[in-house]
Amino acid sequence: MVEQDTIRLLRECDAGVQMGTKSIDDVFEYVSSKRFRTLLTDCKAEHDKLNTEIRNLLDKYGDDGKAPNPMAEGMSWIKTNVMLMMNESDRTVADLMTDGCNMGVKSLNKYLNDYKAADEVSKDIAKRLINLEEKLAIDIRDFL
């Protein structure tokens, strides 16, 4: 059970990291504030580090990981493009990113609760990803 929950939690973290990274990529060109761009760049770099850790662990378990849900990706893409079409501003990007961070935090906490038997290493990765999302949402409040 431990190994199964560990793999499942790592898969969800994998999908979450990919979704976060893609979201940053999708909005980056619309950000005008240098400070905001730095916050996004730093957050993406942290996502990349976590992605490496997650991938190494999944490889150890012989698992390919998990891509983000195509429906969630599609809905995110539509929302992002519609909102930015109506108003290309740092405020709009901050709003979109805050919503995304909050959804990520909610989902990852749910998975931590669902996969209680996961090993401590994978739980730590999930918690670090949650903290990263929470920190970004706080850091970009000035742009809302």
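The values are calculated or read from the model by the stated rules, or taken from the named source; none is laboratory data. Bear in mind that the values here come from a model prediction, so they are computed numbers and not experimental data. Don't worry about glycine lacking a Cβ; one is built from the backbone with ideal geometry, like all the others, and counts go over all protein chains shown. Just so you know, the surface numbers come from the protein's heavy atoms only, side chains and all, with ligands and any DNA or RNA stripped out. Shrake-Rupley method; radii C 1.70, N 1.55, O 1.52, S 1.80 Å.
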Going 7 Å from the Cα of Lys79 along its beta-carbon direction, which residues of the stretch 121-139 have the amide nitrogen within less than 15 Å of the resulting point? 137
Under 16 Å from the Asp119 label point (7 Å along Cα→beta-carbon), backbone N, the stretch 38-77: 53-65
Measure nothing but the geometry: give the 0 to 90° angle between the long axis through the Cα atoms of 70-86 and the longest principal axis through the Cα atoms of the chain, rounded to 10°. 10 degrees
Residues of the stretch 122-144 with amide N under 20 Å of the 7 Å Cα→Cβ point at Thr52: 122-133
Counting helices only, and only those DSSP H runs with n ≥ 4, report the 222 nm mean residue ellipticity of the chain as the sum of -39,500 (n - 2.57) divided by its residues, in deg cm²/dmol to the nearest 500. -28500 deg cm²/dmol
If a/c stays under 1.5 just call it rounded; otherwise compare a/b with b/c (prolate if a/b is bigger, oblate if not). Do that for the stretch 64-110, with a ≥ b ≥ c from the square roots of the Cα gyration tensor eigenvalues. oblate
For the chain (alpha-carbon point model, no solvent) the Debye-based log₁₀ I(q)/I(0) at q = 0.08 Å⁻¹ works out to -0.22
Just to confirm the number: angle between the C-alpha axis of helix 2-28 and the first principal axis of the chain, 0 to 90 degrees, nearest 10? 10 degrees
Taking all protein chains in place and a 1.4 Å probe, what share, in percent, of the accessible surface of the chain do carbon and sulfur account for? 53 percent
Under a plain spin-label model, where a point goes 7 Å from the Cα along Cα-to-Cβ, how far apart in nm are Arg91 and Glu134? 2.9 nm
Is the stretch 10-72 rounded, prolate or oblate when judged by the Cα gyration tensor, a ≥ b ≥ c being the square roots of its eigenvalues, rounded requiring a/c under 1.5 and prolate requiring a/b larger than b/c? oblate
Once both axes come from the Cα atoms, what is the angle between helix 34-60 and the longest principal axis of the chain, in degrees from 0 to 90, rounded to 10? 20 degrees
Given +1 on the Cβ of Lys and Arg, -1 on the Cβ of Asp and Glu, and no further charges, what dipole in debye does the stretch 1-120 carry about its Cα centre, rounded to the nearest 20? 300 debye
For Arg128, Arg91, write out the residues from largest to smallest accessible area, computed with a 1.4 angstrom probe and no ligands counted. Arg91, Arg128
